[in-house]
1. If we keep just the residues of the stretch 49-64 that are of a type in the set (A, V, I, L, M) and modelled with pLDDT of 95 or more, which is surrounded by the fewest Cβ atoms within 10 Å (Cβ to Cβ)?
2. If you go through the stretch 87-129 one residue at a time, how many are of a type in the set (Phe, Trp, Tyr) and touching a helix residue (DSSP H, G or I) at 6+ places or on another chain (Cβ under 6 Å)?
3. Looking at the stretch 82-114 only, could you name the residues that are among the acidic types (Asp, Glu) and buried (at least 19 other Cβ atoms within 10 Å of the Cβ)?
4. Hey, could you check the stretch 65-81 for residues that are of a type in the set (D, E, K, R) and buried (at least 17 other Cβ atoms within 10 Å of the Cβ) and say which is nearest to Val150 (Cα to Cα)?
5. Name the single residue that is surrounded by the fewest Cβ atoms within 10 Å (Cβ to Cβ) among those in the stretch 115-130 being more than 12 Å from Ile159 (Cβ to Cβ) and under 14 Å from the mean Cα position of the chain (by Cα).
6. Inside the stretch 7-48, can you point out the residues that are in a loop (DSSP other than H, G, I, E, B), modelled with pLDDT under 65, of a type in the set (A, V, I, L, M, F, W, C) and surrounded by 10 or more Cβ atoms within 10 Å (Cβ to Cβ)?
7. Out of (1) part of a loop (DSSP other than H, G, I, E, B); (2) modelled with pLDDT of 85 or more; (3) under 14 Å from the mean Cα position of the chain (by Cα), the odd one out for Pro4 is which?
8. Of everything in the stretch 139-155 that's assigned to a strand (DSSP E or B) and crowded, with 19+ Cβ neighbours inside 10 Å, which residue is modelled with the lowest pLDDT?
Amino acid sequence: MAHPVKSCRIFWRHYRRVPLQKCPYAWRDWLLDRGSLTKRLIKVSNGHFKVSVSRQRWGKPNLDERQLLKLAHGQYALIREVELICHGEVWVKARSIIPLATLSGAEKQLARLGERPLGEFLFKAKTMRRGPLQIASITSGSARRAQEPVSARRSVFYIHGKPILVSEFFLAPVFK
């Protein structure tokens, strides 16, 4: 699976001001929040939160992911795909790209997170810096299904200057 989104076209854009048609008011609070999504989901679910790893493997990131991370063609990275579950329901699907060079020093532990949230690690790191947010326009050839994202965002996090790309695909339950 190339993304946690099947049969959809994804167009990532960086905006100085996000147009209303790209991000309705009801979604802005979630999509444009630069704080920890993990912490927020734990809070709004009153602790009924868990991470389920769908897949974690070494692979070649997609072209747009490689370009954002400035990785050479053919360079492998750790690709981690998870579901963020609140009250037993998937609210967010996330895809993280962790280049091999990032997995050195204290960041070696990122390869062994298991069911622990990546966001918990990122937001505890004193050297963490977050790059600009990009918002996705998701188009689908079929009618929306409950497990299909309605909107997405991504950004590159830097820990000790080492990049990690995190893409978050929001499902309808988040916006209820």
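1. The selected residue is Val53.
2. The qualifying residues number 1.
3. Glu83
4. Looking at the filtered set, the residue picked out is Glu81.
5. Among those residues, the one meeting the criterion is Glu120.
6. Val18, Cys23
7. (2)
8. Restricting to residues being assigned to a strand (DSSP E or B) and crowded, with 19+ Cβ neighbours inside 10 Å, the top hit is Ser151.
The values are calculated or read from the model by the stated rules, or taken from the named source; none is laboratory data. The structure displayed is predicted, hence computed values, not measured ones. Virtual Cβ from ideal backbone geometry, glycine too; neighbours counted across all protein chains shown.
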